[in-house]
Amino acid sequence: MYHGCNDFLSDIMIPLLIFGIVGYGILNRQNIYEEFIDGAKDGFQTVIGIMPTLIGLMVAVGILRASGFLECFSGLLGRGIGWLGFRRS
């Protein structure tokens, strides 16, 4: 049951986008499957390229959280922001 126009539009937006892209490819006589496979290969290569950086960032954040530095820093930052008149939550 839809509670308004926004809910309906939110539910159909992604399928409409997918059908629109596929329809555009068909109208332009593109080999949609081959284009998808080529894009997936490029995306996979991108993931492989950025994976070491992402792992390093996650490890660094884990170390900072475990050491208590982030809590200390957020407390200091909260005091400074509270002094400026913003809420400290």
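Read the figures in this text as sums done on the coordinates, not as results from a lab. Computed from a prediction, not measured in an experiment: that's the story for all the values here. Note that we place each Cβ from the backbone using ideal geometry, even for glycine, and neighbour counts take in every protein chain shown.
Results, tabulated for the structure shown:
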read-out: Rounded FRET efficiency, nearest 0.05, which uses the C-beta distance separating F8 from L54 and R0 of 41 Å; value: 0.65
read-out: ³J(HN,Hα) computed for each position of the stretch 50-65 - Karplus, 6.51 cos²θ - 1.76 cosθ + 1.60, integer Hz, glycine/proline x; value: 9, 4, x, 5, 5, 5, x, 5, 5, 5, 4, 5, x, 5, 5, 5
read-out: Value at 222 nm in deg cm²/dmol, rounded to 500, when DSSP H runs of n ≥ 4 in the chain each add -39,500 (n - 2.57); value: -29500 deg cm²/dmol
read-out: Computed lengthening from V47 to S74, 0.36 nm per intervening residue step minus Cα-Cα distance; value: 6.6 nm
read-out: The chain - charge dipole about Cα centre, Lys and Arg +1 at Cβ, Asp and Glu -1, debye rounded to 20; value: 600 debye
read-out: Charge dipole (the chain, unit charges on Cβ, about Cα centre) - positive-most of Y33, G43, G20; value: G43
